[in-house]
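This report refers to the structure that appears directly beneath it.
The values are calculated or read from the model by the stated rules, or taken from the named source; none is laboratory data. These figures come from a predicted structure and were not determined experimentally. All Cβ positions, glycine included, derive from the backbone under ideal geometry; neighbour counts span all protein chains shown.
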């Protein structure tokens, strides 16, 4: 994946190159730069910096990584914040561009980047995050390199998202509502103490017989059963299982007793990969436009294109839906062709819905929101 966001100690990141904030005199003083220098071997790192001597604001230089896992350390000099009227934003963007170029010149295939000039340099979180986002986006449009935005806390991203409170309110309205509705439905069907429901049902209500209850249970408890089966598994695996169970339950409820197996097999929709390629052609997009918008590697996309039977993960389908700027109905259809569904019981799904409803298809902004709310990124 070209861009990931992670909470980590920059000195411990396993990347070809890591970027640290530096001062113009390249003197290691404190903060993250000092921690990286200590891990690399302080004397060696300071001696390498002294040999270079000076680096102007908005520029970057590189030294060996010495004892670090990273082969290269890029020292980027960002500006102090003085209110934004002294060209600070342009200087910060220049520092990011220079740092990423240094990593390329050193032959790095992966680079870890912090929020330069945040913290003691005084940049507002929203400004530092926006500058980092746009610099990395422009860089990835020209280079096939993995970039990792490394942070000490999720709060740094949360503070930088202007719509954070709006997203939180949307989650409260939709995610909590879905959980309440499901609990209410179970109570209605089974009674407060788990007693069986009455034998009769109104014409428009779900069937109360054994098969009807089985269908409702399958729909209503998909999340619980998947979590039990995947206890300790990565969160995206749990969400995929939840969505697949929900989709299967919905199909069972819709078609129970109405079609033979032969009829169902004869009416199968086009597979995921066929539908995806048709959508790309319909929108007149190139492959590179799609996989870059989806925050996907070229190799991953090539695998999808070459394999008609390719089975994607749910987050891959969502990322491609964002890249194609599909609306909610189109997204649900593409998910269904891969055996998944959007679920109000998934906080990640609700966050993605929030952005789609607002026609915001910026994969970086979506991933920042997912990260801020402790959800797996696309």
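Brief remarks follow.
- Residue selected from segment 101-137 under the condition in a helix (DSSP H, G or I) and in contact with a strand residue (DSSP E or B) (Cβ under 6 Å, 6 or more places away or on another chain), by the criterion surrounded by the fewest Cβ atoms within 10 Å (Cβ to Cβ): 136
- Residue 277 passes every criterion in (1) closer than 25 Å to residue 146 by Cβ; (2) modelled with pLDDT under 95; (3) surrounded by fewer than 21 Cβ atoms within 10 Å (Cβ to Cβ) apart from (1).
- Residue satisfying all of: in segment 12-43; touching a residue at least 60 places away in the same chain (Cβ under 8 Å) and part of a strand (DSSP E or B); nearest to residue 74 (Cα to Cα) among these: 19
- Restricting segment 149-167 to residues that are assigned to a helix (DSSP H, G or I) and under 17 Å from the mean Cα position of the chain (by Cα), the residue that is modelled with the highest pLDDT: 167
- All of (1) over 25 Å from residue 365 (Cα atoms); (2) in contact with a strand residue (DSSP E or B) (Cβ under 9 Å, 6 or more places away or on another chain); (3) surrounded by fewer than 16 Cβ atoms within 10 Å (Cβ to Cβ) hold for residue 42 with one exception: (2).
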